[in-house]
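Have a look at the structure below, then the notes.
The values are calculated or read from the model by the stated rules, or taken from the named source; none is laboratory data. Predicted model only: the values in this text are computed from it and were never measured. Heads up, the Cβs are rebuilt from the backbone with ideal geometry, glycines too, and the neighbour counts pull from every protein chain shown.
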Amino acid sequence: MAGPTPIPMPETALAISGLTVAYGSVPVVATVSARFPKGSMTAVMGPNGAGKSTLLKAALGLIPAVTGEVRAFGDPVARSMPRIAYVPQRAAVDWEFPARVIDVVQMGLYRRTGLFGRLTPGLRSEAMAQLDRLGMADFATRQIGALSGGQQQRVFLARALAQGADLVILDEPFAGVDAATEAAIISVLHGLRAEGRTIIAVHHDLSTVTAYFDRVLLMNRRAIAEGPTASTFRRAAVAEAYGHQLLTAIPA
Amino acid sequence: MGSEFVPLTLPPLVIATLAALACAAPGNFLLLRRQALLGDAISHVVLPGLVAAFLLTGSAAPPVMLAGALAAAALSALMIEAIRRTTSADPGAAMGATFTTMFAAGVLLLELSGASATHLDVEHALYGSLEALIWIDATDWSSLLDPAALAGLPPELPQLALICAAVLGLIAALWRPLVIATFDEGFAATQGIPVRLLSAALTGLTALAAVAAFSAVGSILTIAMLVCPPATARLMTDSLPRQMGLSLLIAATAAVLGTLAAGYLPLLMGLPFAVSAAGSIAALSGLFLALAAAFGPRRLPLSRAA
Amino acid sequence: MLDAVLNALILNAGYNAALVGLGAALLGLAAGCTGAFVTLRRRALTSDAMAHATLPGIAVAFLLMAAAGGDGRNLAGLMIGAGLSAVLGLAWLDSLSRTRLPEDAAIGATLASFYGAGIVLMTVIQNLALGRPAGLDSVLLGSTAGMLRGDAITLAIGAALTLGLLLLLRRPLIMTAFDPGHARLMGVNTDLTDRALLLLTLACVLLGLHVVGLILIVALLIIPALAARLWSDRMETVALLAGAIGAVAGYLGAALSVALPDLPTGPAIVLITFTAFALSALIAPRKGILAQTVARARLRRAAISGRR
């Protein structure tokens, strides 16, 4: 214990170091390292097949990694899991599943009820409140399959809110979503950031990055650039990630 | 009435109903997990497990049979996974390759070892022998209150009652995590739900139900009860608890009516014999499904319902 | 016993054994080639449901032929009954697939209810004492015992027709399996192609009824194809390889069961096929387990040294 005191760093919500993931013997994420400071909102960007979703899933231990280490809030990610919410791509679940909107949001309360626990009236009204925060209270008893894509995404986000997580990881939250929903989701996410929570989202729309996110991680199998949006989201780095396409809208 | 019904018809009836309930309950989750054919696979692979356990121990006691069957089911799960990984084949092909191979191995073991002459035989495995499970000590309805007569019940009955209670009880206890993990496995994992363990538990429960049912009623009834009643209920309602309840009701109805039809319908038609009760229950459950597919209020996929 | 096996293998166990071996080899060839397309189109378990759905038809055909005073076990008659009943099963599967039920549930339900109905009818046959002792049981697990010259010729003609049709349709079959949407744009009638594939599969099922039996015939469709895909990525090569594996397994299995009468033919053929698959999975270049293990170890080493 008798070493020099380390230089204080802004606290890190999620730290990925040297993560490699392979499907069969083909690496889809190659030794990626990235750091997501507490209270930041980061866009993970890159072309299709760049390994963005894979990186996040492997970071959470949902798929096995070949090598690498992931820590959340200073602890191994498995131990910090209660503080993390994960919102998968909408296409990842079966929307014909026999469940109502409120049932899905109540799934977010699972940690507080446990394996055999039951929902108390207090917990039920809490789930309802989160649904209301996303303007979806009127839909509580709807069959989930009867919702539009944007409404489904809001339900997913309400479920994440019900968890009360400090780190929210979203996989393409704006894919196939209408403008009103996009605005509602962003306002909720900005609200979470204002509370000191950390947001990480896979994002595709190059034109909204600067407005929505304060940090960017550009990747294409490997990490290409990482840092504050203003200094990182630059033509050279984006071109390197996406290959050479027309990128005139992006500052040089 | 009763003097023939109680010893000859009542035990198969109750056994078929218990087997149907034990299979239909996990079937609801298998259906939603796109694993409806797991029961098909398990009921095929159970055969080599039973034969191997019998050959190794020389005993056909229920715990030995159960252990052999579960070991075979576990081995098959590994085989399916290994085949999927090496060939990147679709799950259906990996499953088909595994269960046919295991079943072939079972038949071969059975025929070559001579075990078929003693205790097990292929026909029994395929058809079941529900009709043979009679209660000789019973005279009429009053035997249900007679401890001496009750002691002579076919041992399959209390065994299945126990397993049926265990399967239903565990599903009720694990209801919430099972639902969450079935709906969204990735999310469930981030909630600290042991998804792999839960998935293994569901497979184990299915195997337990299938094995218990298999030795009493044969593979066909097992497959039918795992798939048809939950599928029928799925076309009737959008609520999972209601789907579960309905599927149990349908399974029990098919079991009771199917057993009675197999026993009495041929007689009514003037034929001097009964037909396979297991087959008739399976066919009846298919008929229920056909009705639901034609008239069920929730039969259409959402994309076409609107 | 060893002598008997050896003799059977080298076509030296008599005329009938040679006939049976060649018949089973032709069946394996047709099923292996067809199966390559079936697995590519992800129809493996549909073919299993189809095979099980033949049982009620077989039983009804048997009852009708026996009632008409003929031989209930006439192969052509049984095959017609089996074919009609399988088509009925497929039609029901198709209508179930139009509901919200996932495909696997529709397959399981079709298989179970048709097979259940078949078993009911089989017990009728047993009770009427029509089936014993000759029995209809060979259609379940296969047998080479009762194979006649006519049966072998039927097999040969059926296999030749199946292979010819397969050769003719291979391009639309491949295009439909790979990307049905694109195939339609290119003018392929994918519905018709899918139906043709089901017809080819049905032909294999019917040809296999006597030799392999309806419970295990699906193995002869799937397993050779899985093994062949480990060796090649070219569809034509995969189909030919699968056919070759099926043919060898069919021949060996039939020969063994002739030499060892206790050995049921279907299970013997299936286990030999699976052995071919297991060997392929182990040693195939690039996709085999050995090759993959080496590749992953290399990747890990590269990833670790890359971090330093």
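Listed values, structure above:
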quantity: Residue satisfying condition, being crowded, with 24+ Cβ neighbours inside 10 Å, closer than 26 Å to B:ILE180 by Cβ and of a type outside the set (D, E, K, R), within set B:THR222, B:THR259, B:THR232, B:THR237; calculated: B:THR232
quantity: In the range A:16-41, residue farthest from the other protein chains (Cβ to nearest Cβ) [restricted to those that are in contact with an Asp or Glu (Cβ under 6 Å, 6 or more places away or on another chain) and in a strand (DSSP E or B)]; calculated: A:MET41
quantity: Yes/no for A:ASP132 being free of Cβ contacts under 8 Å to residues at least 12 places away in the same chain, touching a helix residue (DSSP H, G or I) at 6+ places or on another chain (Cβ under 9 Å) and over 18 Å from B:ASP184 (Cα atoms); calculated: yes
quantity: Any hit, the range A:63-75, residues being closer than 30 Å to A:SER148 by Cβ and buried (at least 21 other Cβ atoms within 10 Å of the Cβ); calculated: no
quantity: Checking B:THR203 against (1) under 30 Å from A:ARG159 (Cα atoms); (2) free of Cβ contacts under 8 Å to residues at least 60 places away in the same chain, the condition it does not meet; calculated: (2)
quantity: Verdict on A:VAL44 being touching a residue at least 60 places away in the same chain (Cβ under 8 Å), within 28 Å of A:ARG234 (Cβ to Cβ) and either surrounded by fewer than 17 Cβ atoms within 10 Å (Cβ to Cβ) or within 14 Å of chain C (Cβ to nearest Cβ) (or both); calculated: no
quantity: Selected residue (criterion: nearest to B:LEU300 (Cα to Cα)) from residues of the range C:93-106 that are assigned to a helix (DSSP H, G or I) and more than 7 Å from chain B (Cβ to nearest Cβ); calculated: C:SER97
quantity: Entirely in the range A:155-252, the helices (runs of 4 or more DSSP H) that have 1 or more residues that are among the acidic types (Asp, Glu) and modelled with pLDDT under 90; calculated: A:235-242
quantity: Positions within the range A:42-73 being of a type in the set (Gly, Ala, Ser) and assigned to a loop (DSSP other than H, G, I, E, B), in sequence order; calculated: A:GLY46, A:GLY49, A:ALA50, A:GLY51, A:GLY61, A:ALA65
quantity: Matching option when the condition is exposed (fewer than 15 other Cβ atoms within 10 Å of the Cβ), under 27 Å from B:ASP238 (Cβ atoms) and over 24 Å from the mean Cα position of the chain (by Cα), among B:PRO297, B:PRO272; calculated: B:PRO297
quantity: Verdict on A:ILE84 being without any contact (Cβ under 8 Å) to a residue 40 or more places away in the chain, crowded, with 16+ Cβ neighbours inside 10 Å and of a type in the set (A, V, I, L, M); calculated: no
quantity: Criterion (touching a Pro at 6+ places or on another chain (Cβ under 8 Å) and either charged (D, E, K, R) or surrounded by 15 or more Cβ atoms within 10 Å (Cβ to Cβ) (or both)) met by exactly one of A:PHE156, A:PHE139; calculated: A:PHE156
quantity: Number of the condition not met by A:PRO121 [criteria: (1) more than 14 Å from chain B (Cβ to nearest Cβ); (2) under 15 Å from A:ARG90 (Cα atoms); (3) modelled with pLDDT under 90]; calculated: (2)
quantity: Every residue from the range C:225-261 that is assigned to a loop (DSSP other than H, G, I, E, B) and surrounded by fewer than 24 Cβ atoms within 10 Å (Cβ to Cβ); calculated: C:TRP231, C:SER232, C:ASP233, C:ARG234, C:LEU260, C:PRO261
quantity: Given (1) buried (at least 24 other Cβ atoms within 10 Å of the Cβ); (2) of a type outside the set (Lys, Arg); (3) away from chain B (no Cβ under 13 Å), index of the condition C:LEU216 fails; calculated: (3)
quantity: Tally of residues being closer than 19 Å to A:THR208 by Cβ, surrounded by 15 or more Cβ atoms within 10 Å (Cβ to Cβ) and of a type in the set (A, V, I, L, M, F, W, C) across the range A:221-238; calculated: 4
quantity: Selection status of B:ALA61, touching a residue at least 60 places away in the same chain (Cβ under 8 Å) and either more than 30 Å from B:THR237 (Cα to Cα) or in contact with a Ser or Thr (Cβ under 6 Å, 6 or more places away or on another chain) (or both); calculated: no
quantity: Members of the range B:24-46 that are in contact with a Phe, Trp or Tyr (Cβ under 6 Å, 6 or more places away or on another chain), among the hydrophobic types (A, V, I, L, M, F, W, C) and within 12 Å of chain C (Cβ to nearest Cβ); calculated: B:ALA41
quantity: Lone unmet requirement of (1) among the basic types (Lys, Arg); (2) farther than 27 Å from B:ARG234 by Cβ; (3) facing chain B (nearest Cβ under 8 Å) for A:ARG133; calculated: (3)
quantity: Subset tally (residues that are closer than 20 Å to C:ASP194 by Cα and either assigned to a loop (DSSP other than H, G, I, E, B) or of a type in the set (Val, Ile, Thr) (or both)) for the range C:35-71; calculated: 8
quantity: Residue match in the range C:87-98 (condition: touching a Pro at 6+ places or on another chain (Cβ under 9 Å) and either among the hydrophobic types (A, V, I, L, M, F, W, C) or surrounded by 20 or more Cβ atoms within 10 Å (Cβ to Cβ) (or both)); calculated: yes
quantity: Any hit, the range C:134-150, residues being modelled with pLDDT of 90 or more and more than 7 Å from chain B (Cβ to nearest Cβ); calculated: no
quantity: Whichever residue in the range A:9-27 is more than 20 Å from A:GLY74 (Cα to Cα) and modelled with pLDDT under 90 and, among such residues, is surrounded by the fewest Cβ atoms within 10 Å (Cβ to Cβ); calculated: A:VAL26
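One line per residue, one yes/no per condition, for (1) farther than 23 Å from B:ILE163 by Cα; (2) modelled with pLDDT under 85:
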position: B:GLY2; (1), (2): yes, yes
position: B:LEU10; (1), (2): no, no
position: B:VAL14; (1), (2): no, no
position: B:LEU18; (1), (2): no, no
position: B:LEU21; (1), (2): no, no
position: B:LEU78; (1), (2): yes, no
